[in-house]
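Here's the structure we're looking at; comments come further down.
The values are calculated or read from the model by the stated rules, or taken from the named source; none is laboratory data. Every value quoted in this text rests on a predicted model; they were computed, and no experiment measured them. Counting neighbours? That spans all protein chains shown, and the Cβs are built from the backbone with ideal geometry, glycine included. Accessible surface areas use protein heavy atoms only, side chains included; no ligands, DNA or RNA. Shrake-Rupley method; radii C 1.70, N 1.55, O 1.52, S 1.80 Å.
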Amino acid sequence: TFEDVLKLQEIAPVWISDVNTFTDASEMILSLGRIINAESSANVLLLEIEQAFLSIQKRGGTALYFIWKDPYLVVGKNTFIDSMLTEAGFENFCRSERYPEIQPEKTGSPDFIFLSTEPYPFNDEHIRQFKKWFPNSQVCLVDGEMFSWYGSRLKMAPGYFNELIEKLA
């Protein structure tokens, strides 16, 4: 019941984050640092993350980022992954909000097709089919954790993005 939830909240406070951008992730880190009395550590972590993101050698070009199969879902605007695409220097080919369903064979031709390793585990076998649908696009697998996990994991994302950008060159 609602009363039970209120009683639980008195015992154990609930904290919820709503992260859709790199800025949201930064604010979440600082907020969590305050909550757990580790503000200094949170500030240091955030500084390290921000410095690492300055090192990204932005590539440019449009990217369509697939996250699911059956049905095919892509990353749209107003998502953390969209924000990470921008941080890495890519322009999201999808103009819709959130995670729209699409028919790949009826989609335009972005510069890059990114097949994420999570939440759906796209793999090398999928690349052949996507190359048929997108013959003018460069198709590759991308590490879903690097594009979608925020928090301390963000320290590793810029290095990964630079490796990806070099691979795409």
Which members of region 65-98 meet the condition of being touching a Cys at 6+ places or on another chain (Cβ under 8 Å) and open to solvent by less than 10 Å² (accessible area, probe 1.4 Å)?
TYR65, VAL74, VAL75, GLY76
For residues that are touching a residue at least 60 places away in the same chain (Cβ under 8 Å) and not hydroxyl-bearing (Ser, Thr, Tyr), scanning just region 135-145, find the one that is surrounded by the most Cβ atoms within 10 Å (Cβ to Cβ).
VAL142
It is to be established whether one or more residues within region 99-117 are open to solvent by 10 Å² or more (accessible area, probe 1.4 Å), within 19 Å of PHE22 (Cα to Cα), in contact (Cβ under 8 Å) with a residue 60 or more places away in the chain and not small (Gly, Ala, Ser).
no
Would you be able to say whether some residue in region 98-108 is assigned to a loop (DSSP other than H, G, I, E, B) and of a type in the set (Val, Ile, Thr)?
yes
In region 60-107, anything in contact with an Asp or Glu (Cβ under 9 Å, 6 or more places away or on another chain) and basic (Lys, Arg) is listed as LYS77
Regarding region 95-108, can at least one residue be identified that is within 18 Å of the chain's Cα centre (by Cα) and of a type in the set (A, V, I, L, M, F, W, C)?
no
Restricting to region 132-169, and then to whatever is of a type in the set (Ser, Thr, Tyr) and within 22 Å of LYS77 (Cβ to Cβ), can you tell me which residue is nearest to the chain's Cα centre (by Cα)?
SER148
Out of ARG59, ARG34, I need the residue that is part of a helix (DSSP H, G or I) and at pLDDT below 95. Which one?
ARG34
Taking the stated definitions as given, is ASP124 surrounded by 17 or more Cβ atoms within 10 Å (Cβ to Cβ), in contact (Cβ under 8 Å) with a residue 12 or more places away in the chain and among the charged types (D, E, K, R)?
no
Name the pairs: first residue in region 152-169 and within 15 Å of PHE112 (Cα to Cα), second residue surrounded by 16 or more Cβ atoms within 10 Å (Cβ to Cβ) and of a type in the set (Gly, Ala, Ser), Cβ to Cβ under 6 Å, at least 6 apart or on different chains?
PHE161/ALA88
Does ALA42 count as of a type in the set (Gly, Ala, Ser), modelled with pLDDT of 95 or more and within 24 Å of VAL142 (Cβ to Cβ)?
no
